[in-house]
Amino acid sequence: MGLTVIDAGVLIGFFDESDAHHLGASKELANARQRGDQIAVPASALAESLVAPARDGEPLITAVCEFIERLPLLIVELDSDVALVAARLRARHGQKLKLPDALVVATALRHGADVLVTTDRGWPSKRSLGFDGLLIVL
């Protein structure tokens, strides 16, 4: 059993059937489950993915949260180690890696993820991020 870390775009794409990343996000979540991976999302990315449901009201937020529990999706809290790694990544990569994305990468690095899935094609290379696992860009 491995660890797959996903960014907000993967969750957003999965929940919105009209999103350009819906099929890719659905496929990668299914692949992670087939591998027996634990699927994790940083709490910061979860918050980002809940903005649109929050606009649409509490029933949609409740439905999303129930789905997350059934998946199950591990919500990774921000701690000082992840914050420091994220700050260093952000400082090194500047505008190519925004802070919310740096937090996702830092979570993957600090927790030893095997797979990191993003919808952001603008990220630096996995080598320059220091990520040794599989980086999947939808």
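Just one residue in the set ALA25, ALA113, ALA102 is out of contact with any Pro (no Cβ under 7 Å at 6 or more places or on another chain), small (Gly, Ala, Ser), surrounded by 14 or more Cβ atoms within 10 Å (Cβ to Cβ) and not in a helix (DSSP H, G or I); that residue is ALA113.
One residue is enough: does the range 58-71 have a residue meeting the conditions in contact with a Pro (Cβ under 9 Å, 6 or more places away or on another chain), farther than 14 Å from LEU138 by Cβ, surrounded by fewer than 14 Cβ atoms within 10 Å (Cβ to Cβ) and of a type in the set (Gly, Ala, Ser)? There is at least one residue in the range 58-71 that is in contact with a Pro (Cβ under 9 Å, 6 or more places away or on another chain), farther than 14 Å from LEU138 by Cβ, surrounded by fewer than 14 Cβ atoms within 10 Å (Cβ to Cβ) and of a type in the set (Gly, Ala, Ser).
Of the residues examined, LEU60 is not one that is hydrophobic (A, V, I, L, M, F, W, C), touching a residue at least 12 places away in the same chain (Cβ under 8 Å) and either touching a strand residue (DSSP E or B) at 6+ places or on another chain (Cβ under 8 Å) or assigned to a helix (DSSP H, G or I) (or both). Only one entry in ASP81, ASP120 is over 14 Å from ASP7 (Cβ atoms) and either modelled with pLDDT of 95 or more or within 16 Å of the chain's Cα centre (by Cα) (or both), namely ASP81. Within the range 102-116, residues that are closer than 16 Å to ILE136 by Cβ have Cβ atoms under 8 Å from residues that are modelled with pLDDT under 95 and assigned to a helix (DSSP H, G or I) in these pairs: LEU116/LYS126, counting only partners at least 6 apart in sequence or on another chain.
The values are calculated or read from the model by the stated rules, or taken from the named source; none is laboratory data. Quantities reported herein were computed from a predicted structural model and do not represent experimental measurements. For neighbour counting, all protein chains shown are included, and Cβ atoms are generated from backbone atoms with ideal geometry for every residue, glycine included.
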